[in-house]
Amino acid sequence: MLTGGNMRRLSLLRYFTIYSLIAFVITGVVLSFFISNHIKNDQLENTREITRLTLNALLKKELAPDDFSSTLSKEKLDTLQIKFNQVIEATDIIMIKIWDKNGNILYSSNSSLTSQNFAIDKELKEALCNKSIIKISELDNQLNTNALNSFNKVVKIYEPIEFSGSVTGVFEVYIPYDRIQHHVKVLNRTVAIIMSLGLLILYLLLLRIIYNSSKTLISQNQSLLDQKFKLEESYRKLNSTYKSTVKTLANAIDVRDPYTAGHSERVAKISLEVGKMLGLGSSQLELLELAALFHDVGKLGIPDEILKKPGKLTDYEFEIIKAHPQTGVNILENIDFLKQTLPIILHHHEKFSGGGYPSGIKGDEIPIESRIIAVADTYDAMTSDRPYRKGLPHDDAIYEIVRMKGTQFDSKIVDAFLKVDIEQLGINAIKLTN
């Protein structure tokens, strides 16, 4: 069965699959774009270089610097035409022009353009400055010939003609772009297929690795969850045992006086409910419960003749009773897990307006847990029977607590206590039988 954590990981794996696929596709498209442009530019550059070598090898050697200062003779034009036919056989060139520096066409494979003068365009001007130019352009209408009319685009190459380091003219060459484009498309298609297969293989391998890792993580997570549940269960059992032990110890304290049996546990229950009404946190409630269970541990140091005396205590005996908070602290001070309860136990008999014992502090100087225990302790003491008196009814005890609100007890603690349903707690104060 899949847990919520496993479902989330499967969902994450699905998201990874989708987003990584998108990333691979985008990477493939971008790489294809740059590779395609590189192939096209590389092909054009190769074409320009082959054309330059061919022109220098076949046509340039038929020319001389003086040819660019006058009209070429018929014999020279015929020779160039023969050489041009050789060029056509060796390359994809379908038309050529030879310009002088003044914009005159000295020779053209389209004879109708020979000996004509044209305005020098940007590319021609750059070529005359000894710069080789290659560009893709639409076919000029005036150049439509039998050789060119079947092409929509052409590659135009402007190649400077140099003699003794000086540019004297320019070759203008026309090559069908369709053939170059077809070659580029074939290369692009081949590269795209290889790259796509490579990316796909890489993607599938990565996906496999992620899938296996995800399965491992899910398995490890499930194992950790199982261990967590076992630890939580062990903690619950340990905590239950721990609380049972604490309550047993608290009851053992109460056993010394049969008239107060269960007193500490009842005070703890009431204190916890008041603490919840006041919004105390879980750690503070645990501390409050411990302190309430051990608040009378100091009575272990009181002699039985005083602790169990049925009549009124003398001043001396009452002073011994008043020492039990400090005695309790002395008994518990070496127990680490109870150290935080010591101030609470010490001050649970202080009065909110001052004058309590053992320190006589007042107001917020008294720990709030001590103020809570003071109310719960007084209520249980008043409603429990003693050998020398009957316990008060619930309403009478409540009346007395309200009467001491703001003096002996903190008003906000009393207000919270009044909201607690004592009967719902399932506690019963000690009632003596006749």
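The values are calculated or read from the model by the stated rules, or taken from the named source; none is laboratory data. It should be emphasised that the depicted structure is a prediction, and the values quoted were computed from it without experimental measurement. Quick reminder, even Gly has a Cβ in these numbers, built from the backbone with ideal geometry, and neighbours come from all protein chains shown. All accessible areas refer to the heavy atoms of the entire protein, side chains included, with ligands and DNA or RNA removed. Shrake-Rupley method; radii C 1.70, N 1.55, O 1.52, S 1.80 Å.
Determine the sum of side-chain charges near T341: Lys and Arg each +1, Asp and Glu each -1, restricted to other residues whose C-beta is under 12 angstrom from that of T341.
Values: positive: K339; negative: E286, E289, E333, D336, E369.
It works out to a net charge of -4.
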With helices defined as uninterrupted DSSP H runs, which ones in the chain have an alpha carbon span along their own long axis of at least 20 Å and mean Kyte-Doolittle hydropathy of at least -1.0? 4-58, 74-90, 177-255, 263-277, 368-383
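Of the accessible area of segment 34-84, with the probe set at 1.4 angstrom, what percent is carbon plus sulfur?
Details: 1570 of 2950 Å².
C and S atoms contribute 53 percent here.
At 1.306 mPa s and 10 °C, plugging the Kirkwood radius over alpha-carbon pairs of segment 258-371 into Stokes-Einstein gives what diffusion coefficient in µm²/s?
Details: Rh = 14.8 Å.
It diffuses with D of about 107 µm²/s by this estimate.
Report the far tail of the P(r) of segment 25-156, meaning the percent of Cα-Cα pairs longer than 25 Å. Can you show the working numbers first?
Working: 2812 of 8646 pairs.
It works out to 33 percent of all Cα pairs.
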Within segment 68-198, pairs of Lys residues whose Cα atoms are less than 14 angstrom apart, provided they are eight or more positions apart or on distinct chains, add up to 11
Kirkwood hydrodynamic radius (C-alpha pairs) into Stokes-Einstein, segment 259-312, 20 °C and 1.002 mPa s, D in µm²/s: 170
Given backbone amide H placed at 1.01 Å from N, residues whose amide H is under 5 Å from that of I161, ignoring those fewer than 5 places away on the same chain, are T168, G169, V170, F171
Summing +1 for each Lys or Arg and -1 for each Asp or Glu, what net charge is found among the other residues whose Cβ lies under 11 Å from the Cβ of K60? -1
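To the nearest 500 deg cm²/dmol, what mean residue ellipticity at 222 nm is calculated for the chain from DSSP H runs of n ≥ 4 alone, each contributing -39,500 (n - 2.57), summed and divided by the residues? Let's see the in-between values first.
Details: 13 runs with 245 residues, N = 434.
Mean residue ellipticity at 222 nm (helix-derived): -19500 deg cm²/dmol.
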Ranking L225, L307, S108 by how far each Cα lies towards the positive end of the charge dipole of the chain (+1 on Lys and Arg Cβ, -1 on Asp and Glu Cβ), the top one is S108
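Take the alpha carbon atoms of the chain, find their radius of gyration, then divide it by 2.2 N^0.38 Å using N residues; give the quotient. Display every interim value, and only then the final one.
Values: Rg = 52.8 Å, N = 434, 2.2 N^0.38 = 22.1 Å.
Rounded to two decimals, the normalised Rg is 2.39.
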When the charge dipole of the chain is computed with +1 at the Cβ of Lys and Arg and -1 at the Cβ of Asp and Glu, the Cα pointing farthest to the positive end, of A57, P343, S384, is that of A57
Amide proton proximity set for R386, modelled H, under 5 Å, gap of 5+: G391
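Taking 0.36 nm per intervening residue step and subtracting the Cα-Cα distance, what contour gain separates S112 from R179 on full extension?
On the way: separation 67, 0.36 × 67 = 24.12 nm, distance 2.62 nm.
Result: 21.5 nm gained on full extension.
Determine by what factor the alpha-carbon radius of gyration of segment 289-434 differs from 2.2 N^0.38 Å, reporting the quotient.
On the way: Rg = 15.5 Å, N = 146, 2.2 N^0.38 = 14.6 Å.
In units of the globular-protein estimate, segment 289-434 measures up at 1.06.
For segment 88-232, what does the relative contact order come out to in percent, with C-alpha contacts under 8 Å and a separation of six or more? Please list the in-between numbers first.
Details: 177 pairs, mean separation 29.6, N = 145.
The value is 20 percent.
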Whole-angstrom Cα spans of segment 90-133 along principal axes, big to small: 27, 24, 12
With label points built 7 Å along Cα→Cβ from the Cα atoms of V25 and R208, find their separation and express it in nm. 2.4
Report, in debye and to the nearest 20, how large the dipole of the chain comes out about its Cα centre when Lys and Arg carry +1 and Asp and Glu carry -1 on their Cβ. 840
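Net charge within 14 Å of G279 by Cβ-Cβ distance, Lys/Arg positive one each and Asp/Glu negative one each, not counting G279 itself?
Details: positive: K276, K412, K419; negative: E273, E369, D415.
Every neighbour counted, the sum reads 0.
Quick one: longest stretch of the chain between exposed loop chymotrypsin sites (Phe, Trp or Tyr not before Pro), exposed meaning at most 14 other C-beta atoms within 10 Å and loop per DSSP? Walk me through the intermediate numbers first.
Details: sites that count: F118, Y388.
That gives 119-387 as the longest site-free run.
Using mean Cβ contacts within 10 Å as the protection proxy, how do 369-377, 269-277, 299-307, 194-202 order, highest first?
Details: 369-377: 26.0, 269-277: 21.3, 299-307: 14.2, 194-202: 12.3.
The packing order, highest mean first, is 369-377, 269-277, 299-307, 194-202.
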